[in-house]
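The values are calculated or read from the model by the stated rules, or taken from the named source; none is laboratory data. Keep in mind that what you see is a predicted model, and the values were worked out from it rather than measured. Counting neighbours? That spans all protein chains shown, and the Cβs are built from the backbone with ideal geometry, glycine included. To get the accessible areas, we keep the full protein, side chains included, count just its heavy atoms, and leave off ligands, DNA and RNA. Shrake-Rupley method; radii C 1.70, N 1.55, O 1.52, S 1.80 Å.
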Amino acid sequence: MHNYIALEDAIDIMGDSIIGASELNDLRLLSPMIPNEIPMIPFSREMLVTKKNDYFLILGVSRLSNGYPITIRTLMDIFGKNPDVMEPCFYNQDWYLKEDFIDTQMQDEWFLIRKTVYDESRAVQPDDLKERYSFPTAITCTYAFFVTWLTRNTKLWYHDFVWCSDVDHNGDRIYVGKYHDIDGINKNGFSIHRHLALRSCYGCIDC
């Protein structure tokens, strides 16, 4: 059973780290369809107090004003893949266009998402991490990234990747983020990748 908190109290606790209907209504580019009945915030006061510095509390919205579902695919159509044309944008890649996870729809619900990766999780295999952490979905991360950039000018996971709960058709885990390549080799863009697990089709030859 959830402990709910009133929106006014959540705003008082979270400050600029809450993104609700009023902020989303100002997003002309994204133009989300705010539900007529705003969902209740399913978190206790105590939880928000512990999360306020490290997390965003965001209202998820399931559809655009034109009725289309909010998915990674529809967000790609809006933001494109060319930083020379517009930022923020997606990194120019297409390997995932036939994968099911990019058509997963956002839900009309509030969620918490962490602003930075846990330092102790760096360079640790995802199978080990998932025993201790609850990975977010790729659409949740993608939605949060673009919404926080547009409303708060905050660039989540700018140089880092974050593991997601989604996998591709081969069972390889999805990870997203790292908008900017610190080495300056790749163009800017929100990246979506898969962590290739070792299978029998991988081997070596000699020369």
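Could we say that S191 is buried (at least 17 other Cβ atoms within 10 Å of the Cβ) and in contact with a Phe, Trp or Tyr (Cβ under 6 Å, 6 or more places away or on another chain) here? Spell out how you get there, then give the answer.
Details: buried (at least 17 other Cβ atoms within 10 Å of the Cβ): yes; in contact with a Phe, Trp or Tyr (Cβ under 6 Å, 6 or more places away or on another chain): yes.
Considered against the rule, which asks whether it is buried (at least 17 other Cβ atoms within 10 Å of the Cβ) and in contact with a Phe, Trp or Tyr (Cβ under 6 Å, 6 or more places away or on another chain), S191 comes out as yes.
Looking for whichever is within 16 Å of the chain's Cα centre (by Cα) and basic (K, R) here; the options are R122, R114, R132. Which one fits? I'd like the intermediate steps shown before the answer.
Values: R122 fails: within 16 Å of the chain's Cα centre (by Cα); R132 fails: within 16 Å of the chain's Cα centre (by Cα).
Being within 16 Å of the chain's Cα centre (by Cα) and basic (K, R) holds for just one of R122, R114, R132, which is R114.
Restricting attention to the range 10-31, which residues are of a type outside the set (A, V, I, L, M, F, W, C), closer than 15 Å to L112 by Cβ and surrounded by 13 or more Cβ atoms within 10 Å (Cβ to Cβ)?
Matches in the range 10-31: S17, G20.
Among the residues of the range 67-114, write down those that are open to solvent by 20 Å² or more (accessible area, probe 1.4 Å), under 30 Å from M47 (Cβ atoms) and of a type outside the set (S, T, Y).
Within the range 67-114, P69, Q105, Q107, D108, E109, F111, L112, R114 meet the criteria.
Restricting to the range 135-153, name every residue that is out of contact with any strand residue (DSSP E or B) (no Cβ under 8 Å at 6 or more places or on another chain) and without any contact (Cβ under 8 Å) to a residue 60 or more places away in the chain.
N153
Looking for whichever is modelled with pLDDT of 95 or more and more than 20 Å from T148 (Cβ to Cβ) here; the options are M1, M40. Which one fits?
Working: M1 fails: modelled with pLDDT of 95 or more.
M40 is the lone residue from the list that is modelled with pLDDT of 95 or more and more than 20 Å from T148 (Cβ to Cβ).
Mind listing whichever residues of the range 120-172 are modelled with pLDDT of 95 or more and β-branched (V, I, T)?
Once the filter is applied, which keeps residues that are modelled with pLDDT of 95 or more and β-branched (V, I, T), the range 120-172 yields T137, I139, T140, T142, V147, T148, T151, T154, V162, V167.
Please pick out the residue among D108, D166, D128, D103 that is charged (D, E, K, R) and without any contact (Cβ under 8 Å) to a residue 12 or more places away in the chain.
Details: D108 fails: without any contact (Cβ under 8 Å) to a residue 12 or more places away in the chain; D166 fails: without any contact (Cβ under 8 Å) to a residue 12 or more places away in the chain; D103 fails: without any contact (Cβ under 8 Å) to a residue 12 or more places away in the chain.
Answer to the check: D128.
Regarding the range 53-62, can at least one residue be identified that is out of contact with any strand residue (DSSP E or B) (no Cβ under 7 Å at 6 or more places or on another chain) and among the acidic types (D, E)? Walk me through it before giving the result.
Going residue by residue through the range 53-62, those that are out of contact with any strand residue (DSSP E or B) (no Cβ under 7 Å at 6 or more places or on another chain) are 53.
With among the acidic types (D, E) added as a condition, the list becomes none.
Checked the range 53-62: no residue is out of contact with any strand residue (DSSP E or B) (no Cβ under 7 Å at 6 or more places or on another chain) and among the acidic types (D, E).
Of I182, I174, which residue is of a type in the set (A, V, I, L, M), surrounded by fewer than 19 Cβ atoms within 10 Å (Cβ to Cβ) and touching a His at 6+ places or on another chain (Cβ under 9 Å)?
Working: I174 fails: surrounded by fewer than 19 Cβ atoms within 10 Å (Cβ to Cβ).
Exactly one of I182, I174 is of a type in the set (A, V, I, L, M), surrounded by fewer than 19 Cβ atoms within 10 Å (Cβ to Cβ) and touching a His at 6+ places or on another chain (Cβ under 9 Å), namely I182.
If I filter the range 85-94 for residues that are of a type in the set (D, E, K, R), at pLDDT 95 or above and farther than 30 Å from A6 by Cα, do I get at least one hit? Full working, then the answer.
Residues of the range 85-94 of a type in the set (D, E, K, R): 87, 94.
Restricting the remaining residues to those that are at pLDDT 95 or above gives 87.
If we keep only those that are farther than 30 Å from A6 by Cα as well, we get 87.
Yes, there is a match, as at least one residue in the range 85-94 is of a type in the set (D, E, K, R), at pLDDT 95 or above and farther than 30 Å from A6 by Cα.
Can you pull out every residue in the range 174-198 that is basic (K, R) and not in a loop (DSSP other than H, G, I, E, B)?
Start the filter on the range 174-198 by keeping residues that are basic (K, R), which leaves 178, 187, 194.
R194, the sole residue that qualifies.
How about the range 32-43: which of its residues are open to solvent by 40 Å² or more (accessible area, probe 1.4 Å) and either of a type in the set (G, A, S) or more than 19 Å from L112 (Cβ to Cβ) (or both)?
Here is the first cut: in the range 32-43, the residues open to solvent by 40 Å² or more (accessible area, probe 1.4 Å) are 33, 36-38, 40.
Across the range 32-43, the qualifying residues are M33, N36, E37.
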